[in-house]
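To keep things clear, I will list the structure first and then write my remarks on it.
Read-outs throughout are calculated quantities, based only on the coordinates presented, and are distinct from any laboratory measurement. Quick caveat, the model's predicted, so the values are computed rather than measured. Don't worry about glycine lacking a Cβ; one is built from the backbone with ideal geometry, like all the others, and counts go over all protein chains shown.
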Amino acid sequence: MKKYKTILSMNKRFIYIYKILIFLLFITFKSYCQPKDNFDKVIKFEITDYKNLKNWAAHPWKKDNADSIPKDLINIETKDSIADVFFIHPTTYTQKDYKEWNADLNDEKLNLNTDNTTILYQASVFNKSCRVFAPRYRQAHINAFYINQDTASEYFDIAYNDIKNAFEYYLENYNNGRPIIIASHSQGTKHAGRLLKEFFENKPLYKQLICAYIIGMPIPENYFTSIPPCGDANQTGCFVGWRTYKEGYTPEFVKNEKFKCIVVNPLSWKLSDDQVSIKMNHGGVLKNFNKIVPKVVDAKISGNILWSCKPDVFGKIFFTAKNFHIGDINLFYMNIRENVDVRIKSYMATYKP
């Protein structure tokens, strides 16, 4: 009997210890699995500090490549900054050996690449007439455009979250009722569309919108309910957009689009599909930023895209590209630069604070 009681007691202790072990394993497993997901979300959706100028690729309070002016324009232009441009740069996070879907804001190599490309060749187009604000953001990797978009939406949301926070910081600390231009290219345009819907469309802030230059992505004709496409060079409170390809070439994915896009011709600033002569191109900036290249391309709207001739530059016989996406802005650099000035003056002529 005593032996039996001893065995029973041992069994009870074993069962008790077993239950404790199971409980501890459960807690360990739970803490191992759940916080990891939560940790990722905390890291991904943490608020970037836009008080820190390091988190701006371009900002009026610091010297950056958005301040650059081609040598041809020095001592010719008179600068003004009555308006602000909030510029959202395109994808520069394209490296093949990436480990994360969203860029690290502290990646100095990536930041330098951004500054020496899109900030120099694109954001600078606005510096004659505007203060330039261009936030760094946790952009989605280029491959996010080529995977299942339900999955990719998380990565684009992370990027947009930074854009939104940067814009809110800009409004609270720098805007002070000044007129605004929203400008973007490629991935930046994906985010700019959301920003315009959230902050401008049917909102009080719309009265401060001069124009949205949202370039390099398709803009369906019914994307906005109350922000119209620009129909001429003077219109304000509107948007322009285009995607540039070699004349005669339409990519398959464009052919398969089931919607009509808004395309504005940057040489005429009209929606008509008339061919606009290369003579109307007042100059682009190519690899050598310091030089304005006049009459570089013509432009014609063809369906959902913009067609241009092969750039008329030295060595063009060796230029075989058909997709001019990378040149959406700098091929029309001077026309955009001049148009920004025109629209600001048109806006100010009727502006009522």
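For segment 294-310, putting each phi into the Karplus relation 6.51 cos²θ - 1.76 cosθ + 1.60 with θ = phi - 60° gives couplings of x, 6, 7, 8, 9, 7, 8, 6, 10, x, 8, 9, 10, 9, 9, 6, 4 Hz, in residue order, rounded to whole numbers and with x for Gly and Pro. Backbone amide hydrogens, once placed in the peptide plane, bring residue 305 within less than 5 Å of nothing, excluding anything fewer than 5 places away on its chain. Highest mean packing first, where packing is the average number of other Cβ atoms within 10 Å per residue, the peptides 274-284, 132-142 line up as 132-142, 274-284. FRET efficiency for the residue 74 to residue 153 pair, using the beta carbon distance and R₀ = 51 Å, is estimated at 0.70. Which angle from 0 to 90°, rounded to the nearest 10, does the C-alpha axis of helix 187-199 make with the longest principal axis of the chain? Once rounded, the angle reads 90 degrees. Among 320, 118, 48, the residue with the largest mean-square fluctuation in a Gaussian network model of the chain, with springs joining Cα atoms closer than 10 Å, is 320.
DSSP bridge analysis restricted to the chain gives an antiparallel fraction near 35%, rounded to the nearest 5. When each of 337, 131 is scored by the number of other beta-carbon atoms lying within 10 Å, the sequence from fewest to most is 131, 337. Here the sum of -39500 (n - 2.57) over DSSP H runs of 4 or more residues, divided by the residues of the chain, equals -10500 deg cm²/dmol at 222 nm, to the nearest 500. Basic side chains Lys and Arg get +1 at the Cβ, acidic Asp and Glu get -1 at the Cβ, and with that the dipole of the chain about its Cα centre reaches some 1500 debye.
Using alpha carbons only, how many degrees (0 to 90, rounded to 10) separate the axis of helix 333-350 from the longest principal axis of the chain? Approximately 90 degrees, to the nearest ten. Once the Cα-Cα distance is subtracted from the 0.36 nm per residue extended length, the residue 178 to residue 348 segment shows a gain of 60.1 nm. Sorting the segments 184-194, 285-295, 56-66 by their mean number of nearby beta carbons within 10 angstrom, highest to lowest, gives 184-194, 56-66, 285-295. For the chain, the longest principal axis of the C-alpha atoms and the axis of helix 2-45 are separated by about 10°. Applying 1/(1 + (r/R0)^6) with r as the Cβ-Cβ distance of residue 320 and residue 52 and R0 = 41 angstrom yields a FRET efficiency of 0.40. Ordering 142, 350, 180 by the projection of their Cα atoms onto the charge dipole of the chain, which places +1 on the Cβ of Lys and Arg and -1 on the Cβ of Asp and Glu, puts 142 at the extreme positive end. Going down the list 79/300; 255/310; 207/345, which pairs span over 23 Å between their C-alpha atoms? 79/300, as the Cα separations exceed 23 Å there. Against the empirical curve 2.2 N^0.38 Å, the C-alpha radius of gyration of the chain lands at a ratio of 1.29. Extending 7 Å from the Cα toward the beta-carbon at both residue 62 and residue 99 defines two label points whose distance is 2.5 nm.
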